[in-house]
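Read the structure below first, then the notes.
The values are calculated or read from the model by the stated rules, or taken from the named source; none is laboratory data. Every value quoted in this text rests on a predicted model; they were computed, and no experiment measured them. We place every Cβ from the backbone using ideal geometry, glycine too, and count neighbours over all the protein chains shown.
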Amino acid sequence: MKHLKSTYNQLTPDSDIRREDTQIKSSKEMTAQLIQKRRQALKKPFQEFTNVANRMEQVRVKNGVIYINDAKAENVNATYFALQSIRKPIIWIAGGDDAQTDYWELMSLVRQKVEAIIMIGEDNDRLYQLFAPVINDIYEASSMVEAVHLSNQITEPGTRVLLSPACKPDSRFLDYQERGRQFVNAVQKL
């Protein structure tokens, strides 16, 4: 039987320990630098991103009020996501060519976040009937300019004014793009 010398209990010389410590430190520093570079690379696209016109486009901040153009929201689902993504309080500009839009899906978000509704459609009866029991301040505007001016009168700092119609444009607008342009122009002239 051959006896093998065990080195298990022998102490490692100090120079070996220092070398290991240096290597570990160096590895940690390199890892930290790689993580920092990766974070910067991940942030860059978000920092350079600009909103698409008419889709959750921040138009202006005036007196602490943020004006948001979501004119492309031509259905309840799109408006749902717009309302969901914004902190309260919200002044909601809604309406258009109703075409039997079922606004009921928006009820819980409207209750939680909306302070006032400004209706801009030609036929706002269904919109009004559904939300009047839960929203005290509901207005009707005959134009986008009137809707924006009215929103400016009733807002307070920290409020978001959201144009997110939940239906197609009525006869006052050629399409959602014109509706959005009118909103942006009215907001810029405040």
*Select from region 134-168 the residues that are among the aliphatic types (A, V, I, L, M) and either crowded, with 20+ Cβ neighbours inside 10 Å or touching a strand residue (DSSP E or B) at 6+ places or on another chain (Cβ under 7 Å) (or both) and list them in ascending order.*
Ile135, Ile138, Ala141, Met144, Ala147, Val148, Leu150, Ile154, Val161, Leu162, Leu163, Ala166
*Which pairs have Cβ atoms under 7 Å, sit 6 or more apart or on different chains, and link a residue in region 76-97 that is within 19 Å of Asp175 (Cα to Cα) to one that is basic (Lys, Arg) and in a strand (DSSP E or B)?*
Gly96/Lys168; Asp97/Lys168
*Within region 104-126, how many residues turn out to be at pLDDT below 90 and farther than 19 Å from Gly180 by Cβ?*
4
_Pick from region 127-152, criterion closer than 21 Å to Gln182 by Cα and among the small types (Gly, Ala, Ser), ranking: nearest to the chain's Cα centre (by Cα)_ = Ser151
_Anything in region 136-190 that is hydroxyl-bearing (Ser, Thr, Tyr) and more than 20 Å from Leu83 (Cα to Cα)? List them, or say none._
Ser142, Ser143, Ser171
*asked:* Can you confirm whether Ser171 is closer than 21 Å to Asn54 by Cβ, surrounded by fewer than 13 Cβ atoms within 10 Å (Cβ to Cβ), more than 23 Å from the chain's Cα centre (by Cα) and not β-branched (Val, Ile, Thr)?
replied: yes
*Which one of Ala141, Ala147, Ala99, Ala116 is under 18 Å from Glu57 (Cβ atoms) and not aromatic (Phe, Trp, Tyr)?*
Ala147
*Does Ser27 qualify as being of a type in the set (S, T, N, Q), outside the structural domain of Pro89 (by TED's automatic domain parsing), loosely packed, with under 10 Cβ neighbours inside 10 Å and at pLDDT below 75?*
no
*asked:* Here is a check on your reading of the model: is Thr155 within 17 Å of Met56 (Cβ to Cβ) and either in contact (Cβ under 8 Å) with a residue 40 or more places away in the chain or under 19 Å from the mean Cα position of the chain (by Cα) (or both)?
replied: no
*Hey, could you check region 73-88 for residues that are closer than 26 Å to Gln153 by Cβ and surrounded by 15 or more Cβ atoms within 10 Å (Cβ to Cβ) and say which is farthest from the chain's Cα centre (by Cα)?*
Ala73
